[in-house]
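The values are calculated or read from the model by the stated rules, or taken from the named source; none is laboratory data. Keep in mind the model is a prediction, meaning the values are calculated, not measured. Here the Cβ is made from the backbone with ideal geometry for all residues, glycine too, and neighbour counts use every protein chain on show.
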Amino acid sequence: MTEKTLFERLGGKANIAQITEDVWINHTTNPDVAKRYAKSDPEKVKALVNEFVCWGTGGPVEYSGKDMLEAHSTMNISHREFMAVIDDVMRALVKNEVGSREQQELLALLFSLKDQIILQ
């Protein structure tokens, strides 16, 4: 028997969409990163993040956005902001009762992108 993908263990598209929504809410209320999202199109950002997470966790979704380096190259993101985003993701995972194994795997995926996001 084949082990389920992280996408499947996260609950698929519907659950990942809810997690993405909760992450967005956390970002827009987090004083460390809220300004970064003030002029963003919420629906576009959430759709791209949702695609990225679904794709990156083994789901049957194509990611249509920029690669992480291109997307973040001019943003001058600090380590503090990166960690604030990670904290927001973690809070959303806990709120959605995501298991500790899945939390660790998703956070490992996000941390693997750190050098493509923090370019200082």
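Residues to consider are 71, 84; find the one that is of a type in the set (Gly, Ala, Ser), modelled with pLDDT of 95 or more and either in a loop (DSSP other than H, G, I, E, B) or out of contact with any strand residue (DSSP E or B) (no Cβ under 7 Å at 6 or more places or on another chain) (or both).
84
Being closer than 14 Å to residue 22 by Cβ and over 12 Å from the mean Cα position of the chain (by Cα) is the filter here; which residues of the stretch 92-120 pass it?
94, 95, 96, 97, 98
Out of the residues in the stretch 26-55 that are assigned to a helix (DSSP H, G or I) and touching a residue at least 40 places away in the same chain (Cβ under 8 Å), which is surrounded by the most Cβ atoms within 10 Å (Cβ to Cβ)?
53
Between a residue in the stretch 96-111 that is at negative phi and in a helix (DSSP H, G or I) and any residue that is surrounded by 11 or more Cβ atoms within 10 Å (Cβ to Cβ) and of a type in the set (D, E, K, R), which pairs come within a Cβ distance under 8 Å, given they are 6 or more apart or on different chains?
101/9; 102/9
So in the stretch 56-66, with the set limited to residues that are surrounded by fewer than 17 Cβ atoms within 10 Å (Cβ to Cβ) and not charged (D, E, K, R), which one is farthest from the chain's Cα centre (by Cα)?
Step by step, filter the stretch 56-66, then rank; the result is 60.
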